[in-house]
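*Asks:* The following block contains the structure, expressed as structure tokens.
Please treat every number below as a calculation from the coordinates, not as lab data. All of these numbers come straight from a predicted model, not from anything done at the bench. Counting neighbours? That spans all protein chains shown, and the Cβs are built from the backbone with ideal geometry, glycine included.
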Amino acid sequence: MAYETILVEHRDPIAFVRFNRPDKLNAMNSKMKDEIIIPALGELEGDEAVRVVILTGAGDKAFVAGADINEFKGRTAQDQWDLYHRPFLYDAVDKFAKPLIAMINGYCLGGGCELALACDIRVASDRASIGQPEINIGIIPGGGGSQRLPRLVGHGKAMEMILTGDRIPAAEAHRIGLIDEVFPHEQLEAKTLEIANRIAAKSPAAVRLAKQAVKAAARMPLGEGLRYEQALFSLVFTTRDKEEGIAAFLEKRPPKWTGT
């Protein structure tokens, strides 16, 4: 499928979704959001050959440098509220069933930071800078930044980042837990692919259920989360992959996963 604002590249079992407005530092406009939510993510979720998806920016300057601010001019409160009742990019990323890795190759600001926060794993170039600068233009995060950021970096650090609007370098983002890995810029894609391929080599059924279990930790009290984990652990015993994994271990051979 041809897209106007993104590029989708298959390197089975990995797929890349590249935000493709490099002349605008990949600023997120409505067209880009619409192309990612339903056509791209919908297609990739249904493609059994794809095990892991990597989100990144075209060019070498930006992941996503924020929203396209031109679209905010003249937008009313009712207009914005109505947009939240349409398919919402950040929810679509958060609920995507397969592992999503944000490969942050440059500026990751505002909506770009929120997009990365909704992913499962965040890796960054040592040239990247990350922040929630909405306060600088008189608005606040609206794509989940005020909720997901404190869960990763703690209340105080999230307050500091959101209330000052300051950017932080990748090394600092890694230190506070916002970024999981930082790599030299020229090694970023190769190192990200190493992580993606290690995940893709596991049982797709187990990966899917494990992701659900970990996601639940941010949404449920501990007792409820433990019961949910037990339910998913029991569910995995219904899969062919569980039987294959046990047999392969006992027979000292590589497993042959089917994802069922």
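*Asks:* If the elastic network links every pair of Cα atoms under 10 Å, which of ILE162, ILE104, ILE137 fluctuates the most in the Gaussian network model of the chain?
*Replies:* Of ILE162, ILE104, ILE137, the most mobile in the Gaussian network model is ILE137.
*Asks:* Okay, moving on. Please label the shape of segment 143-245 as rounded, prolate or oblate, based on the square roots a ≥ b ≥ c of the eigenvalues of the alpha-carbon gyration tensor (a/c under 1.5 means rounded; beyond that, a/b larger than b/c means prolate, else oblate).
*Replies:* Oblate.
*Asks:* Return the lysines within reach of LYS256: Cα separation strictly under 16 angstrom, same-chain partners fewer than 8 residues apart disregarded; answer none if there are no such residues.
*Replies:* Output for LYS256: LYS202, LYS242.
*Asks:* Rounded to the nearest 500, what is the chain's calculated 222 nm mean residue ellipticity when only DSSP H runs of at least 4 contribute -39500 (n - 2.57) each, over all residues?
*Replies:* -12500 deg cm²/dmol
*Asks:* Among GLY42, MET103, ALA231, which residue has its Cα furthest toward the positive end of the charge dipole of the chain, with +1 on Lys/Arg Cβ and -1 on Asp/Glu Cβ?
*Replies:* Result: ALA231.
*Asks:* Ordered by residue, what ³J(HN,Hα) values in Hz, to whole numbers, does segment 246-259 give under the Karplus form 6.51 cos²θ - 1.76 cosθ + 1.60, where θ = phi - 60° and Gly and Pro are x?
*Replies:* Each residue's phi maps through the Karplus curve to give 5, 4, 5, 4, 5, 8, 6, 9, x, x, 10, 6, 10, x Hz.
*Asks:* How big is the antiparallel share of DSSP beta bridges in the chain, given as a percent to the nearest 5?
*Replies:* Percentage antiparallel, nearest 5: 30.
*Asks:* Write down the percent of antiparallel bridges among all DSSP beta bridges whose residues are both part of segment 82-217, to the nearest 5.
*Replies:* Here the antiparallel bridges make up roughly 25 percent for segment 82-217.
*Asks:* I've got another one for you. Considering the values (i) 47, 41, 34; (ii) 63, 42, 37; (iii) 61, 37, 32, which represents Cα extents along the principal axes in Å as calculated for the structure under consideration?
*Replies:* Matching entry in (i) 47, 41, 34; (ii) 63, 42, 37; (iii) 61, 37, 32: (ii).
*Asks:* For segment 125-171, what class follows from the C-alpha gyration tensor (a ≥ b ≥ c being the square roots of its eigenvalues): rounded when a/c is under 1.5, otherwise prolate if a/b is larger than b/c, else oblate? Intermediate values should be presented prior to the final figure.
*Replies:* Values: a/c = 1.77, a/b = 1.23, b/c = 1.45.
Oblate, because a/c is 1.5 or more while a/b does not exceed b/c.
*Asks:* Another question, if that's okay. What net charge do the residues around ALA67 carry, taking every other residue with its C-beta under 13 Å from that of ALA67, with Lys and Arg at +1 and Asp and Glu at -1?
*Replies:* +2
*Asks:* What does the C-alpha gyration tensor say about the overall shape of segment 1-61? Classify as rounded when a/c is under 1.5, otherwise prolate if a/b is larger than b/c, or oblate.
*Replies:* Working: a/c = 2.61, a/b = 1.53, b/c = 1.71.
In terms of gyration-tensor shape, oblate.
*Asks:* Continuing with the same structure: Over 24 Å between C-alpha atoms is what I'm after, so list which of LYS31/LYS157; LYS24/LYS98; LYS61/LYS191; LYS157/LYS215; LYS191/LYS252 land there.
*Replies:* Violating the 24 Å limit, Cα to Cα: LYS31/LYS157; LYS24/LYS98; LYS191/LYS252.
*Asks:* Let me ask another. For the chain, the longest stretch holding no chymotrypsin sites (Phe, Trp or Tyr not before Pro) located in a DSSP loop with at most 11 other Cβ atoms within 10 Å is which?
*Replies:* Numbers: sites that count: TYR84, PHE237.
Result for the longest clean stretch: 85-236.
*Asks:* Now a separate question. Top mean-square fluctuation among GLY46, GLY57, GLY143, Gaussian network model of the chain, C-alpha springs under 10 Å?
*Replies:* GLY46
*Asks:* Could you tell me the center-to-center distance, by alpha carbons, between segment 222-260 and segment 31-66 in angstrom?
*Replies:* When both Cα centres are located, 29 Å separates them.
*Asks:* Can you sort SER234, SER203 from fewest to most other Cβ atoms within 10 Å of each residue's own Cβ?
*Replies:* With the sparsest Cβ surroundings first, the list reads SER234, SER203.
*Asks:* Among LEU188, LEU178, LEU163, which one shows the biggest mean-square fluctuation in a GNM of the chain, springs joining Cα atoms closer than 10 Å?
*Replies:* LEU163
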